[in-house]
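To start, the structure under review is shown below, and the notes come after it.
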Amino acid sequence: MAIEDLMSGGTVLPITRWGTAVMHEKTEPITVFDDELRDLVRDMFATMRAAQGVGLAATQVSRGLSLFVYECPDADERVRYGAFCNPVVGTPTGKDRQLDKIEEGCLSFPGGYQPLARPDRAVCTGQDPWGDEITVEGTGLLARCLQHETDHLNGIVFGDRLSSRSYRKLEEQKDSLAHLYPDDWPVTAKRATAARVEA
Ligand code: NI
């Protein structure tokens, strides 16, 4: 069985929002690599795809486990995908450290995007859903994704990394679009903007 086999057939789960305790606590390491874990990975891929995200952490489906999935383009527009258990992310130091400041969002705070500076490269190491060691070097959006998802597993959301001014703007954006996202999104699809009749 390969990772591709876990990328279809899953059940879409509701995405947990910021403010729920599990989103702000450090997760437990994964020690058992069994079918139950792989079923969770399958459901997380289904959920991420239904929400059109590029990454999803286990905390975002209310599981306090050190696990995330991703399907995300790198700097060469090559879409990379996989699942990381117990990830540790490293970023360049010294003169190799270059920051990219682009807009970032989170499926657990839908509708809000704010610029956030992060290193433009990241190396993530951990295990795949079978317990084998894996290492992925990310550039471009993938570098950001690997950092964002690993943050989630340490109880950090990207809003924690914003200035208070930027965070206020993020909240305003989210509030103005909240009517588009049902409570159980993406189990129930996002409402089309055109369906909002203003009269
Ligand atoms: Ni997120």
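Once the gyration tensor of the Cα atoms in the stretch 87-199 is diagonalised, the equivalent ellipsoid follows with semi-axes of 31, 19, 11 Å, ordered largest first. When peptides 92-104, 2-14 are ranked by their average number of other Cβ atoms within 10 Å per residue, the highest-first order is 2-14, 92-104. The relative contact order of the chain comes to 23 percent, based on Cα pairs under 8 Å that sit 6 or more residues apart. Which whole-number percent of Cα pairs in the chain have a distance greater than 29 Å? Tail of P(r) above 29 Å: 21 percent of Cα pairs. Highest-first packing order for the peptide set 154-166, 110-122 is 110-122, 154-166, based on the mean count of other beta carbon atoms within 10 Å. Taking all C-alpha pairs of the stretch 17-81, those more than 15 Å from each other amount to 56 percent. In terms of distances greater than 26 angstrom between alpha carbons, the cross-link table entries 95/169; 101/169; 101/174 yield 95/169. Please give the Cα centre distance for the stretch 63-113 versus the stretch 152-177, rounded to the nearest Å. Between the Cα centre of the stretch 63-113 and that of the stretch 152-177, the gap is 16 Å. Each label was represented as a point 7 Å from its Cα along the Cα-to-Cβ direction; for residue 95 and residue 79 these points are 3.9 nm apart.
For the peptides 20-26, 181-187, residues were scored by their other Cβ atoms within 10 Å and the scores averaged per peptide; the highest-first order is 181-187, 20-26.
Every number here is computed from the coordinates shown, using simple stated rules; none is lab data. All of these numbers come straight from a predicted model, not from anything done at the bench. Neighbour counts run over all protein chains shown; Cβ positions are idealised from the backbone, glycine included.
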